[in-house]
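Quick notes on the structure that follows.
The values are calculated or read from the model by the stated rules, or taken from the named source; none is laboratory data. Quantities reported herein were computed from a predicted structural model and do not represent experimental measurements. Just so you know, the surface numbers come from the protein's heavy atoms only, side chains and all, with ligands and any DNA or RNA stripped out. Shrake-Rupley method; radii C 1.70, N 1.55, O 1.52, S 1.80 Å.
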Amino acid sequence: MATLKELIEDLVTANRVLATQGIVDSFGHVSIRHPDNPKRYLLSRSRAPERVETGDIMEFTLEGDPVNAEGRKPYLERFIHGAAYEARPDVMAVIHNHSPGVIPYGITGRKMHPVMHMCATIGYEVPVWDQRTKFGDTDLLVTNMAMGRDLAKKLSKGRTCLMRGHGCMVVGKELRATVYTAIYLELNAKLQMQAESMSKKVKFLTKGEAEKVAATTSVANINRAWENWCGKASRPYRHTEG
Ligand SMILES: [Zn+2]
């Protein structure tokens, strides 16, 4: 079992990896559930992910109240994280980002499906949450638990959910696997757009294929990518067995 210190280092690495891979820019965030207290989560203070350091990592209750603020300002949209942990006991990591490729799928009605095996962990069909349906005209930010819970409801049992006119959320049972899904969600968006511009009869992975690939995506697979991403982000790699 990894220590809390190791998991916090991994969380800092996740911030840097998502930035170097173009999934987050100056905005977007990634959290983990606290390993010793399932009713808490760990998330950076409000800062661009590429700049996040261990001293930025704060602890929150699931309702989004900081436990150890010490003058640090939290992200406005932290409620995305707490509501996902509250709704889904299986979820151990949450990412929220605005990567450009996913945006068209939130606003056109075009459904996103996996187009290649590496992208299967996004799920067979990616749901779209429209904040306006329940909350009317807003600034599109998820700034309270009611909004976070409504988004988590749309996420349902899946790993990914798009947010209309805003971005997406990605969840997973483990941090590295969640980063992997976020990176391949963006790649899928780009590839699907290319394929659909070439043909009206795109052959997506079937539901059964997507489920089989996701079930056989191993810790070794994910660590192969993680080690490479750590190198690109100039972060140390910690090996894990799975
Ligand atoms: Zn956002």
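If every alpha-carbon in segment 95-236 counts as one equal scatterer, what log10 I(q)/I(0) does Debye give at q = 0.12, 0.16, 0.21 1/Å?
These q points yield log10 I(q)/I(0) values of -0.51, -0.87, -1.31.
List the aspartates and glutamates whose Cα lies under 19 Å from the Cα of Lys111, skipping any in the same chain that are fewer than 8 positions away.
Reachable aspartates and glutamates: Glu125, Asp130, Glu186, Glu196, Glu209, Glu211.
What are the residues whose amide H is under 5 Å from the amide H of Asp25, where those residues sit 5 or more places off or on another chain and H is modelled from the backbone?
His98
Excluding ligands, DNA and RNA, what is the solvent-accessible area per residue of segment 98-242 at a probe of 1.4 Å, expressed in Å²? Show your work: numbers first, answer last.
Values: 7740 Å² over 145 residues.
In whole numbers, segment 98-242 has 53 Å² accessible per residue.
Rounded to a whole number, what % of the accessible area of segment 97-223 do carbon and sulfur atoms account for, probe 1.4 Å?
Ligands and nucleic acids excluded, carbon and sulfur reach 56 percent.
Please arrange Thr61, Thr54, Thr133 by accessible surface area, largest first, computed with a 1.4 Å probe and ligands excluded. Don't jump to the answer; show the numbers that get you there.
On the way: Thr61 30, Thr54 65, Thr133 120 Å².
So the residues, ranked largest to smallest area, are Thr133, Thr54, Thr61.
Leaving ligands, DNA and RNA out of it, rank Thr138, Thr216, Thr3, Thr181 by accessible area with a 1.4 Å probe, largest first.
Values: Thr138 50, Thr216 100, Thr3 70, Thr181 5 Å².
These residues rank, largest area first, as Thr216, Thr3, Thr138, Thr181.
Please calculate the 1.4 Å probe accessible area of Arg40, with all protein chains present, and give it to the nearest 10 Å².
70
Report, by chain and number, residues whose modeled amide H sits under 5 Å from the one on Met92, excluding near sequence neighbours (fewer than 5 apart, same chain).
For Met92, the qualifying residues are Gly172, Lys173, Glu174.
Using θ = phi - 60° and the Karplus curve 6.51 cos²θ - 1.76 cosθ + 1.60, what whole-Hz ³J(HN,Hα) does each residue of segment 59-73 get, with Gly and Pro shown as x?
Each residue of segment 59-73 in turn: 10, 10, 6, 4, 6, x, 7, x, 8, 9, 4, 6, x, 7, 8 Hz.
Determine, for segment 143-205, the count of lysine pairs separated by eight or more sequence positions (or lying on different chains) whose alpha-carbon distance falls under 22 Å.
Working: Lys153/Lys173; Lys154/Lys173; Lys157/Lys173; Lys190/Lys200; Lys190/Lys201; Lys190/Lys203.
Final tally of qualifying lysine pairs is 6.
Sorted by accessible area (1.4 Å probe), largest first, how do Phe79, Phe204, Phe27 line up? Numbers along the way, then the final one.
On the way: Phe79 25, Phe204 55, Phe27 135 Å².
Sorted by accessible area, descending: Phe27, Phe204, Phe79.
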